[in-house]
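The values are calculated or read from the model by the stated rules, or taken from the named source; none is laboratory data. Note that the structure is a prediction, hence the values are computed from the model and not measured. Reconstructed Cβ throughout: ideal geometry from the backbone, glycine too, with neighbour counts over all protein chains shown. Areas reflect the complete protein model, heavy atoms only, side chains present, ligands, DNA and RNA absent. Shrake-Rupley method; radii C 1.70, N 1.55, O 1.52, S 1.80 Å.
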Amino acid sequence: MRTFDENNIEYQQARRQVERLRGFYGHVFAYIAVNALIVVYNCMHLKPGESYFQFKNFFTATFWGIGLAAHAVTVFLPRVNFIKKWEDKKIKELMDKQKEH
């Protein structure tokens, strides 16, 4: 079995990506579970002859879905250049602080 050096930069980057993925998958699970419960609740409380297809029944799914899509962009799309530059700058800053102490 291969062991990993936890001080290795590539290891740390891979670990952060795995943590981002785990967070995203948890977000997807919560989105599906909560919205499924909302659908069941809304269906149980429809008046006779009332259509399910009303905006109020899709409000949570729509706006939470926008948030979920934004989360997906941050996890799956290549890192936006300014974010990478900021991360590199912050890492250097923190490393310099540690050297001073």
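Just a few scattered comments:
- Filtered by the rule that a residue be modelled with pLDDT under 90, over 30 Å from residue 70 (Cβ atoms) and surrounded by fewer than 10 Cβ atoms within 10 Å (Cβ to Cβ), the stretch 1-44 gives 1, 2, 3, 5, 6, 7.
Okay, residues lined up against (1) modelled with pLDDT under 90; (2) closer than 22 Å to residue 23 by Cα; (3) among the basic types (Lys, Arg):
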residue	(1), (2), (3)
58	no, no, no
65	no, yes, no
69	no, yes, no
73	yes, yes, no
80	yes, yes, no
83	yes, yes, no
87	yes, yes, no
91	yes, no, no
97	yes, no, yes
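- Being farther than 30 Å from residue 12 by Cβ and either touching a Ser or Thr at 6+ places or on another chain (Cβ under 7 Å) or open to solvent by 70 Å² or more (accessible area, probe 1.4 Å) (or both) holds for only one residue in 76, 63, and it is 63.
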